[in-house]
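Any read-out appearing in this document is the output of simple, stated calculations on the displayed coordinates, not a laboratory observation. Values in this document were obtained by computation on a predicted structure and should not be read as measured data. Here Cβ is always computed from backbone atoms with ideal geometry, including for glycine, and neighbour counts include all displayed protein chains.
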Amino acid sequence: MRSDQVTLAEPGTPARRGEAIVIYGTGLGPVSQSVGPGAPSPASPLASVISPVSVLVGGRPASVLFSGLTPGFAGLYQVNAILAADTPVGNAVALTIRVDGQESNAVEIAVQN
């Protein structure tokens with residue numbers, strides 16, 4: 001896959017175990033540097049989330065590589081994580097994010113071996 005290619009993890013194009021995924025969202029809390037209201041987040045240095053962030057996919061922990069504001073966007077958070085080798089497979093595998101003891105609503109992604 002090319003580095004500029006993005007694939008939605010749905011039944012026709014599932015994510016694979018061991019693959020890195022990118023999750024976008026809001027409300028992950030304070031970041032490592034000040035970004036003004038409505039201002040795009042910088043690319044260097046990245047504005048990382050201060051509190052630990054964890055990702056569960058099918059109840060299995062994914063390895064979080066980065067969690068912070070998406071460079072070039074205002075208020076959009078991004079979490080990059082690698083799916084565990086034992087992540088359950090299927091067309092509707094639940095994914096949640098935890099930060100500061102709070103768990104997100106579940107979303108579903110497709111995962112294959």
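Return the residue satisfying two criteria in turn: it lies in the stretch 29-46 and is hydroxyl-bearing (Ser, Thr, Tyr) and exposed (fewer than 15 other Cβ atoms within 10 Å of the Cβ), and of such residues it is farthest from Gln102 (Cα to Cα).
To start, the set of residues in the stretch 29-46 that are hydroxyl-bearing (Ser, Thr, Tyr) comprises 32, 34, 41, 44.
Subsequent filtering for residues that are exposed (fewer than 15 other Cβ atoms within 10 Å of the Cβ) retains 32, 34, 44.
Numbers: Ser32: 19, Ser34: 23, Ser44: 28 Å.
Applying the filter and picking the extreme gives Ser44.
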Qualifying residue in the stretch 78-93 (condition: hydroxyl-bearing (Ser, Thr, Tyr), out of contact with any Cys (no Cβ under 8 Å at 6 or more places or on another chain) and farther than 18 Å from Gly18 by Cα) = no
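Out of the residues in the stretch 60-99 meeting the condition of being among the hydrophobic types (A, V, I, L, M, F, W, C) and in contact with a Phe, Trp or Tyr (Cβ under 8 Å, 6 or more places away or on another chain), tell me which one is surrounded by the fewest Cβ atoms within 10 Å (Cβ to Cβ). Spell out the reasoning first.
Step one: list which residues in the stretch 60-99 are among the hydrophobic types (A, V, I, L, M, F, W, C), which gives 62, 64-66, 69, 73-74, 76, 79, 81-85, 89, 92-95, 97, 99.
Now restrict to residues that are in contact with a Phe, Trp or Tyr (Cβ under 8 Å, 6 or more places away or on another chain): 69, 76, 79.
Values: Leu69: 23, Leu76: 14, Val79: 24.
My answer is Leu76.
Surrounded by 14 or more Cβ atoms within 10 Å (Cβ to Cβ), touching a residue at least 60 places away in the same chain (Cβ under 8 Å) and over 11 Å from the mean Cα position of the chain (by Cα), is that true of Val49? If you could, list the steps in order and put the result at the bottom.
Working: surrounded by 14 or more Cβ atoms within 10 Å (Cβ to Cβ): yes; touching a residue at least 60 places away in the same chain (Cβ under 8 Å): no; over 11 Å from the mean Cα position of the chain (by Cα): yes.
When the stated conditions are applied, Val49 does not pass them.
Just for the stretch 5-28: of the residues that are of a type outside the set (Val, Ile, Thr) and more than 18 Å from Gly90 (Cα to Cα), which one is surrounded by the most Cβ atoms within 10 Å (Cβ to Cβ)?
Filtering the stretch 5-28 for residues of a type outside the set (Val, Ile, Thr) gives 5, 8-12, 14-20, 24-25, 27-28.
Those left that are additionally more than 18 Å from Gly90 (Cα to Cα): 5, 24-25, 27-28.
On the way: Gln5: 6, Tyr24: 10, Gly25: 15, Gly27: 10, Leu28: 21.
Looking at the filtered set, the residue picked out is Leu28.
Restricting the search to the stretch 54-113, which residues are part of a loop (DSSP other than H, G, I, E, B) and under 13 Å from the mean Cα position of the chain (by Cα)? Working first, answer last.
Initially, the stretch 54-113 is screened for residues part of a loop (DSSP other than H, G, I, E, B), giving 58-59, 70, 72-76, 83-89, 100-101, 104-106, 113.
Within the stretch 54-113, Thr70, Leu76, Leu83, Ser104, Ala106 qualify.
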